[in-house]
1. What value, in deg cm²/dmol to 500, does the helix sum -39500 (n - 2.57) over DSSP H runs of n ≥ 4 give at 222 nm once divided by the residues of the chain?
2. Could you tell me what percent of the DSSP beta bridges with both partners in the chain are antiparallel, to the nearest 5?
3. How long is the gain from residue 172 to residue 152 if the chain were fully straight, where each residue apart is worth 0.36 nm and the alpha carbon distance is subtracted?
4. With an 8 Å cut-off on Cα pairs and a minimum separation of 6 or more residues, tell me the relative contact order of the chain in percent.
5. PRE reach from residue 27 (point 7 Å along Cα→Cβ): which of the range 198-219 fall under 16 Å by backbone N?
6. When 191, 15, 205 are ordered from fewest to most other Cβ atoms inside 10 Å of their Cβ, what list results?
7. If you take the beta carbon distance between residue 3 and residue 70 as r and set R0 to 22 Å, what does 1/(1 + (r/R0)^6) give as a FRET efficiency, to the nearest 0.05?
8. Provide the packing ranking of 174-187, 24-37, i.e. peptides ordered by the mean count of other C-beta atoms within 10 Å per residue, highest first.
Ligand code: DC
């Protein structure tokens, strides 16, 4: 019989360090890390590049059937391939960030992504981060974390990340984008961002990366 996999679900607001924590945790535990936000970004990139009118349900379904997403997980890093092409850098650009909440609010898109995410969790031990992992994708995850940080801290973190990547953007623009995404992510009809009842709350506004990792590793030890 197939052994049951161990699943760690990390949900929370944009830019509060979910992926950073998930990645280091996965490396430490020898688990596979899956960044589900990247999957929604890849779909958004495809829609924008191919000018898919996602208000048109038929066009939307047709486009979804054409999309093949493959995630390569190496040393905790995710490389995302969209129809065979590595788009890991492209999906982080601002024009994708500006539209991704809209695209990820579409029922058809969510169904397609959730299906793939569940398949990944059946195969191997994983740390998966996103918005609905503990509530929808894996309601029976072995450990659920709900992360947040103050809006100021999140804005500053995202701003520095984008500057490092060479994006020309102001702090104000980043703040507006984050607020806009928080709003859509928490109020959308399908799978809105919310804490699962049994998730452990983690506000990392004043925590170092090491402190966050130790906090979660203690929880993992308890549950393994
Ligand atoms: O984690 P991120 O900022 O890269 O995610 C990009 C967008 O995708 C975010 O605005 C919300 C959406 N998302 C989602 O709806 N469900 C997930 N499981 C992951 C991300």
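Only the coordinates and a few stated rules stand behind these numbers; no lab work does. Everything numeric in this text was worked out from a predicted model, so none of it was measured. Don't worry about glycine lacking a Cβ; one is built from the backbone with ideal geometry, like all the others, and counts go over all protein chains shown.
1. Values: 8 runs with 110 residues, N = 224.
Rounded to the nearest 500, the figure is -16000 deg cm²/dmol.
2. Values: 8 of 26 bridges.
DSSP beta bridges in the chain are roughly 30 percent antiparallel.
3. On the way: separation 20, 0.36 × 20 = 7.20 nm, distance 1.08 nm.
The span from residue 172 to residue 152 would gain 6.1 nm if fully extended.
4. Working: 335 pairs, mean separation 72.5, N = 224.
Across the chain, relative contact order equals 32 percent.
5. So the set is 209-214, 217.
6. Values: 191 19, 15 24, 205 12.
With the fewest neighbours first, 191, 15, 205 line up as 205, 191, 15.
7. On the way: r = 24 Å, r/R0 = 1.11.
Efficiency for this residue pair is about 0.35.
8. Numbers: 174-187: 16.5, 24-37: 20.1.
Most protected by this proxy first, the peptides run 24-37, 174-187.
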